[in-house]
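Below: one structure, written as structure tokens.
The values are calculated or read from the model by the stated rules, or taken from the named source; none is laboratory data. Bear in mind the structure is a predicted one, so any value in this text is a computation, not a measurement. Note: ideal-geometry Cβ built from the backbone for every residue, glycine included; neighbour counts use all protein chains shown. Just the protein is used for accessible areas: all its heavy atoms, side chains included, with ligands, DNA and RNA removed. Shrake-Rupley method; radii C 1.70, N 1.55, O 1.52, S 1.80 Å.
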Amino acid sequence: MDTWNFYTCLVSLWLHRLYIYSAVAFGISIWIVIQFTTTKTKKKGEKSNGNPASFEGIEDKVVNGYATLQAKEVYVAGVKIFYGSQTGTAKRFAKGLAEAVISLNLPVEVISMGDYDPDDCLSEETTSRNICVFLVATYTDGQPTESAAWFCKWLEEAANDFRFGKTYLKGLRYAVFGLGNSVYVDHYNTVGRNIDRWLWMLSASRIMTRAEGDCNVAQSKHGSIEADFEAWKAKFLSRLQALCRGEKKPCSGKCKKGKCKSPGKQSKDCSDHEHGASEYENTEAEELFETSSDEEADGEEAGGTNSVIDVEDLGSIMSHMKKAKRERELEEGDTGTSLTHKNAGRKEEGEKREMITPALREALTKQGYKLIGSHSGVKLCRWTKSMLRGRGGCYKHTFYGIESHRCMEATPSLACANKCVFCWRHHTNPVGTEWRWKMDQPEMILQEAIENHQNMIKQFKGVSGVKADRFEEAMTAKHCALSLVGEPIMYPEINQFVKLLHQHSISSFLVTNAQFPDEIRNLGPVTQLYVSVDASTKESLKRIDRPLFKDFWQRFLDSLKALSEKQQRTVYRLTLVKAWNVDELKAYADLISLGKPDFIEVKFKINGEWWTWIDYDRFQELVREHERSSRSKTFTAADYAARTPCWALFGSRERGFDPLDVRYQRKNKARDISGC
């Protein structure tokens, strides 16, 4: 029994006995009112005010001689102050704000963004009733400080990754104060603005609009960045106190005094803002605080932020979108989003356009892609991040023995010949049936791919939970998953690109959609060649993959035949979609006989034992021998197979999880955001 329940029972019992005694002795009932304050049991780390009988948040009522105790709703549980600082200014501001919050008798925690793992913890704030404050500085080049880099990177990817969902942080309440220097006009306070926008995109609620401090004394609204912060802090504390009282928004003065102070009784004029951003009527506040983010304004223009669209308004919204698209095309000329574009003739004969248009570059960059040249890219898989922390790798670690933290996910071609209904890349890539774009050299693509991959890994230096030995290993990529987006086999120099990978001792895992049979036949040795078998009949393939080729079915069958001729490891990657293709098992069996894959994610037994893993060193030796012999000396999948460890087998106690790692379960696991 906790402290509060103990006192409740004790007081109730005492009142009950006193009432009975008084009634018996004097023939009358004595009404006893005991007035005292109560509080919840103190959390670990909270300071006591020295009064053991002092409890906040509880009302007492006397009914028929009994004292009944009723808990008040807690509107603010505490404040968490996140800071990203390089010179120490943001850290100093965070400590000063924490002292002010403590004076309000609220729990407070000051957190360096470099020591915080948003992937694990940020979603917990959606139900914590805490107020999250972000004090973030911006470098002269518009980048976050080193301590805040990983937090910002994660938040940006989450905001632009549809797998997280638009309501991922719904319930989180926050305020942002940015530290910048207006001398650098192009990058002034971009980090604070971005964090505000990304949080809003994930449905977090502002308790007040973003504020900015300026190191440039001449442009500072209050004469210095310290004065800017103090002015904002006063407004924040006032807002915080109002929230503690249950007020959702400060009174605007348009209603009768006191009408909008009680929670649930606000006047129409003082209704809560949809995203929690408070509006201030006085001029000083308008000067201090920025307006809502650009992302919010764009959303409102297109039909309202996070709002339900009325069917009657759908036509006007679509017209707005089409008009914007036409304007972009006029600005950019031929967009290059399709190889069969009717306006391709606009370009002078012999001149080829770039695959990545400005609009496409912006969209893919928002999704976390690091674009290379005019048609390639890399991205960090979530399993790379997971294995860096010792929390396990992707299925390819269990099946084939790759080291997920040393795997580079890339593509030399963002274009694809299909528009699959299940595409988790969100159909942002170009489509086409042949290569008609400018082409970058494979040497440049690989060099920049490795450099970009290493730069993304570097962002994990010092991140909580990252293992130092794995961080060092991750700086040298050992595997390349050519499955990021698009159809890598479309790239005319795919053979040279794969050859360069092997020369760098990087294994190759190439995925194709089985629409380019000639390219499959001409493909040199790869460590493992995947074919996506998304359907087993012509009708279902057309319905699911939505291919661009008119002879797509024959191309599909020819690709599987070409696969059967390959001597290295081949895999069927079956994609089964409920109510689309799961009833075609006999047809799938026929396709398996046609392509003769080594694995169907997964089959390969030798002398009664599973040999699904890969001897990567042996593969590299065989490739070098193949090249030295002018490709006359060949090798097969069995030549570099390795025995599957016991923990990776079906029915094992570990259930396929590497015992060297520690399984981690999210407390608020809302969705699967799997990577490759």
Quick one: how many residues across the range 88-105 are open to solvent by 30 Å² or more (accessible area, probe 1.4 Å), within 13 Å of A137 (Cβ to Cβ) and in contact (Cβ under 8 Å) with a residue 24 or more places away in the chain?
-> 1
Only residues that are in a loop (DSSP other than H, G, I, E, B) and either modelled with pLDDT under 70 or surrounded by fewer than 18 Cβ atoms within 10 Å (Cβ to Cβ) (or both): list them for the range 231-253, please.
-> R245, G246, K248, K249, P250, C251, S252, G253
Enumeration of residues in the range 171-209 that are open to solvent by less than 10 Å² (accessible area, probe 1.4 Å) and among the aromatic types (F, W, Y) | Y174, F177
Of V62, V133, V108, V76, the only residue that is open to solvent by less than 50 Å² (accessible area, probe 1.4 Å) and modelled with pLDDT under 85 is V62
Total residues in the range 549-559, condition open to solvent by 40 Å² or more (accessible area, probe 1.4 Å) and within 8 Å of Q515 (Cβ to Cβ) = 1
Here are V431, V498, V485: which of them is among the hydrophobic types (A, V, I, L, M, F, W, C), in contact with a strand residue (DSSP E or B) (Cβ under 8 Å, 6 or more places away or on another chain) and surrounded by fewer than 22 Cβ atoms within 10 Å (Cβ to Cβ)?
-> V431
Sort out which residues of the range 461-489 are part of a loop (DSSP other than H, G, I, E, B) and either among the small types (G, A, S) or without any contact (Cβ under 8 Å) to a residue 40 or more places away in the chain (or both), and write them in order of number.
-> K461, G462, S464, G465, M475, A477, S483, G486
Of all residues making up the range 111-121, the number that are buried (at least 18 other Cβ atoms within 10 Å of the Cβ) and not small (G, A, S) | 4
